[in-house]
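Chemist: Sharing a structure with you now.
The values are calculated or read from the model by the stated rules, or taken from the named source; none is laboratory data. Since the structure is predicted, the reported quantities are computational estimates derived from the model, not experimental observations. Don't worry about glycine lacking a Cβ; one is built from the backbone with ideal geometry, like all the others, and counts go over all protein chains shown. Only protein heavy atoms, including side chains, enter the accessible area calculation; ligands, DNA and RNA are left aside. Shrake-Rupley method; radii C 1.70, N 1.55, O 1.52, S 1.80 Å.
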Amino acid sequence: MKVRCAPYISCVLVLTAVLPGFGQTSSMQAPPLIAPPPKPATHVAIHAGRLLDPRTGNYASNVFIVIDGDRVASVDASAPSGLAVIDLSLQTVLPGLTDCHAHILGNEKDESPTSGLRMSSPMAALWGYRNLQVWLDHGFTSMRDAGESDLAYGQLALRDAIKQGLIRGPRIVSAGNFISVTGGHCDSDPLAPDKALPRRPNLADTVDEVSNAVRHDIKYGADWIKLMATGGVLDPWSDYNVEELSEAQMARAVEVAHRAGKHVMAHAEGTEGIKAAVRAGVDSIEHGTMLDEEGATLMEQRGTWLVPTLYTFQFGLQHDAEFGADPVSVAKEKALISRQQPSFQRALNHHLKIAYGTDLDPDYSSMEFSALVRGGMSPLGAIQAATVNAASLLESQDTGVVEPGKFADIIAVSGDPLKDIAVMEHIVFVMKGGEIVRDSVHVTK
Ligand SMILES: [Zn+2]
């Protein structure tokens with residue numbers, strides 16, 4: 001450590017002298033050892049053939065979006081003078097998208113129960129870096145990580161590295177590790193009893209153990225707490241029908257998290273677990289695959305969010321075996337899928353607040369749009385789920401719509417997504433915070 005301290009101190013002194021504000025940080029995180037290369041200040045305009053306001057579904061035609069730094073400065077009908085103009089006059093322009101149920105780390109194409117045991121935390125984070133570029137490429141400029149099984153919290157390191165400008169990636173808010181009962185959906189130890197791994201801090205079998213697990217996540221920087229309210233599919237031992245964490249345990253998690261200004265999401269497939277999680281006060285139900293009338297009514301009354309993740313189950317039915325899932329998991333998937341559509345229809349009937357989430361390899365991150373529409377949502381509703389609704393769930397004031405003062409998170413598609421939602425699978429332009437991260441419009445011209 002001594003060897004490393006000396007250059008660090010001198011580096012800080014030099015940077016403090018030359019960079020105003022360097023070394024002044026409001027959080028507990030140390031400033032980056034080496035300042036990221038300064039980005040040229042963006043001052044450009046985008047000529048949008050049409051710009052969608054997802055709040056209303058209205059298009060503004062032939063408008064100029066002026067970008068100053070990382071924000072939108074103005075949206076006007078007339079061309080600004082003296083500015084470079086990015087020509088998207090043949091495209092439909094929308095705000096950047098948000099995936100509210102992402103798992104950043106590791107290889108999402110390896111679904112075997114032992115995949116986590118064969119990948120180190122650093123390798124999972126490197127996969128995470130790769131995965132984040134794919135999400136960006138598909139127009140996802142923000143996301144919520146829905147929990148990981150990484151005791152080193154690689155997802156929080158990636159979140160912070162992006163914030164500090166060290167690497168490129170979407171804006172991230174993140175859960176910590178999955179909080180599960182012993183032998184529950186995210187116990188994550190598939191070994192025989194005489195080969196078992198040391199007990200991990202994400203396991204909680206009593207109300208007080210839940211407090212410890214929640215505080216452990218908060219201590220290391222989680223924005224959200226992820227609870228396993230029921231069993232799940234991609235492990236060979238849990239039963240998705242069964243409530244796992246008790247209502248009292250989940251209520252304690254909500255109490256501890258909310259007191260610390262954090263939010264709580266619950267993986268919930270089975271009917272009783274969904275209702276227990278809602279009564280316990282969680283902020284969002286993930287999947288909700290076996291939602292009944294009583295549960296939908298409860299969610300409507302309490303304003304609980306639903307992140308339905310429809311496509312991951314549909315995709316899994318075709319590809320779980322090919323991706324190495326245990327035959328028991330494949331059988332569970334087949335048995336559960338018939339419950340999905342009636343539950344989603346119930347959610348729509350009760351006008352639940354719905355946000356977009358994939359729970360899938362980022363190569364398929366755009367596929368949920370069509371799945372939502374096939375399930376009965378309007379194309380505008382599906383786009384709202386990934387923009388304004390997602391911003392509301394994540395309490396982001398700066399994303400979800402393109403207007404002055406918001407982040408310049410802007411994407412474009414060819415065609416009209418309100419008429420053909422499948423065009424969302426072919427994003428041709430992505431800007432995050434004023435920086436162009438994809439431009440297939442001008443490359444191909
Ligand atoms: Zn998930």
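Chemist: For the stretch 184-230, which residues satisfy the criterion of being in a helix (DSSP H, G or I) and not acidic (D, E)?
Modeler: So the first thing to find is which residues in the stretch 184-230 are in a helix (DSSP H, G or I), and the list is 193-195, 207-219.
Across the stretch 184-230, the qualifying residues are P193, K195, V207, V210, S211, N212, A213, V214, R215, H216, I218, K219.
Chemist: Related question: Name the residues in the stretch 318-339 that are aliphatic (A, V, I, L, M) and either farther than 25 Å from D145 by Cβ or not in a helix (DSSP H, G or I) (or both), would you?
Modeler: From the stretch 318-339, those aliphatic (A, V, I, L, M) are 321, 325, 328, 330-331, 335-337; that's our starting set.
Within the stretch 318-339, A321, A325, V328, V330, A331, A335, I337 qualify.
Chemist: Tell me yes or no: at least one residue of the stretch 163-170 is in contact with a strand residue (DSSP E or B) (Cβ under 8 Å, 6 or more places away or on another chain) and within 16 Å of the ligand (Cβ to nearest atom).
Modeler: No: the stretch 163-170 contains no residue that is in contact with a strand residue (DSSP E or B) (Cβ under 8 Å, 6 or more places away or on another chain) and within 16 Å of the ligand (Cβ to nearest atom).
Chemist: State whether one or more residues within the stretch 297-304 are open to solvent by 10 Å² or more (accessible area, probe 1.4 Å) and under 21 Å from the mean Cα position of the chain (by Cα). Walk me through it before giving the result.
Modeler: To start, the set of residues in the stretch 297-304 that are open to solvent by 10 Å² or more (accessible area, probe 1.4 Å) comprises 297-298, 300-303.
Those left that are additionally under 21 Å from the mean Cα position of the chain (by Cα): 303.
Looking for residues that are open to solvent by 10 Å² or more (accessible area, probe 1.4 Å) and under 21 Å from the mean Cα position of the chain (by Cα), one finds at least one in the stretch 297-304, hence yes.
Chemist: Which one of the conditions (1) over 14 Å from the mean Cα position of the chain (by Cα); (2) open to solvent by 10 Å² or more (accessible area, probe 1.4 Å) does H138 fail to meet, given that it meets all the rest?
Modeler: Of the numbered conditions (1) over 14 Å from the mean Cα position of the chain (by Cα); (2) open to solvent by 10 Å² or more (accessible area, probe 1.4 Å), the odd one out for H138 is (1).
Chemist: What pairs come up if the first residue lies in the stretch 86-104 and is more than 30 Å from I225 (Cα to Cα) and open to solvent by 10 Å² or more (accessible area, probe 1.4 Å), the second is aromatic (F, W, Y) and away from the ligand (no atom under 16 Å from the Cβ), and their beta carbons are under 9 Å apart, counting only those six or more places apart or on different chains?
Modeler: Listed pairs, sorted by first residue: I86/F429; Q91/F429.
Chemist: Would you confirm whether any residue within the stretch 72-90 is more than 16 Å from the ligand (Cβ to nearest atom), among the hydrophobic types (A, V, I, L, M, F, W, C) and within 21 Å of the chain's Cα centre (by Cα)? Don't jump to the end; show me each part of the working.
Modeler: As a first pass, look at the stretch 72-90 and keep what is more than 16 Å from the ligand (Cβ to nearest atom): 72-90.
Add one more test, that the residue is among the hydrophobic types (A, V, I, L, M, F, W, C), and what stays is 72-73, 75, 77, 79, 83-86, 88, 90.
Next, from what is left, pick out any that are within 21 Å of the chain's Cα centre (by Cα): none.
No, the stretch 72-90 has no match at all.
Chemist: Considering each residue of the stretch 122-133, count those that are within 13 Å of the chain's Cα centre (by Cα) and open to solvent by 10 Å² or more (accessible area, probe 1.4 Å), and give that number. Please lay out each step first, then the result.
Modeler: First pass over the stretch 122-133, keeping only residues within 13 Å of the chain's Cα centre (by Cα): 128, 131-132.
Adding the requirement that they be open to solvent by 10 Å² or more (accessible area, probe 1.4 Å) leaves none.
Here the count works out to 0.
Chemist: While we're on this one: Determine whether the stretch 406-429 contains at least one residue that is in contact with a helix residue (DSSP H, G or I) (Cβ under 9 Å, 6 or more places away or on another chain) and on the phi > 0 side of the Ramachandran plot.
Modeler: yes
Chemist: Examine the stretch 340-352 for a residue that is in contact with a Lys or Arg (Cβ under 6 Å, 6 or more places away or on another chain) and either surrounded by 17 or more Cβ atoms within 10 Å (Cβ to Cβ) or assigned to a helix (DSSP H, G or I) (or both), and state whether such a residue exists. Reasoning before the result, please.
Modeler: Quick first cut of the stretch 340-352, residues in contact with a Lys or Arg (Cβ under 6 Å, 6 or more places away or on another chain) only: none.
For the stretch 340-352, residues in contact with a Lys or Arg (Cβ under 6 Å, 6 or more places away or on another chain) and either surrounded by 17 or more Cβ atoms within 10 Å (Cβ to Cβ) or assigned to a helix (DSSP H, G or I) (or both): absent.
Chemist: Just to be sure before I move on: is D68 under 16 Å from I411 (Cβ atoms) and at pLDDT 95 or above in the structure I sent? I'd like the intermediate steps shown before the answer.
Modeler: Details: under 16 Å from I411 (Cβ atoms): no; at pLDDT 95 or above: yes.
It is false that D68 is under 16 Å from I411 (Cβ atoms) and at pLDDT 95 or above.
Chemist: Open to solvent by 20 Å² or more (accessible area, probe 1.4 Å) and among the hydrophobic types (A, V, I, L, M, F, W, C): which single residue out of A251, A213 fits that description?
Modeler: Details: A213 fails: open to solvent by 20 Å² or more (accessible area, probe 1.4 Å).
So the residue among A251, A213 that is open to solvent by 20 Å² or more (accessible area, probe 1.4 Å) and among the hydrophobic types (A, V, I, L, M, F, W, C) is A251.
Chemist: Does the stretch 355-387 hold any residues that are within 16 Å of the ligand (Cβ to nearest atom) and outside any helix (DSSP H, G or I), and which are they?
Modeler: A355, Y356, G357, T358, D359, L360, D361, S365, M367
Chemist: Report every pair of residues separated by at least 6 positions or lying on different chains whose Cβ atoms are under 8 Å apart, first residue within the stretch 331-350 and of a type in the set (D, E), second surrounded by fewer than 17 Cβ atoms within 10 Å (Cβ to Cβ) and part of a helix (DSSP H, G or I).
Modeler: E333/L317
Chemist: Could I ask something else about it? Here is a list of conditions, (1) within 18 Å of I410 (Cα to Cα); (2) away from the ligand (no atom under 15 Å from the Cβ), and M143 meets all of them except one; can you say which number that is?
Modeler: (2)
Chemist: Report, by residue number, each residue of the stretch 388-402 that is outside any loop (DSSP other than H, G, I, E, B) and open to solvent by less than 20 Å² (accessible area, probe 1.4 Å).
Modeler: First, the residues of the stretch 388-402 that are outside any loop (DSSP other than H, G, I, E, B): 388-393.
If the condition is that a residue be outside any loop (DSSP other than H, G, I, E, B) and open to solvent by less than 20 Å² (accessible area, probe 1.4 Å), then A390, A391, L393 are the ones that fit.
Chemist: While we're looking at this one, here's another question. A229 passes all but one of (1) closer than 16 Å to L306 by Cα; (2) away from the ligand (no atom under 16 Å from the Cβ); (3) open to solvent by less than 40 Å² (accessible area, probe 1.4 Å); (4) in contact with a strand residue (DSSP E or B) (Cβ under 7 Å, 6 or more places away or on another chain); which number fails?
Modeler: Unmet condition: (2).
Chemist: For the condition more than 16 Å from the ligand (Cβ to nearest atom) and more than 16 Å from the chain's Cα centre (by Cα), what is the one hit in D326, D320? Walk me through how you get there before you give the answer.
Modeler: Numbers: D320 fails: more than 16 Å from the ligand (Cβ to nearest atom).
Within the list D326, D320, the selection yields D326.
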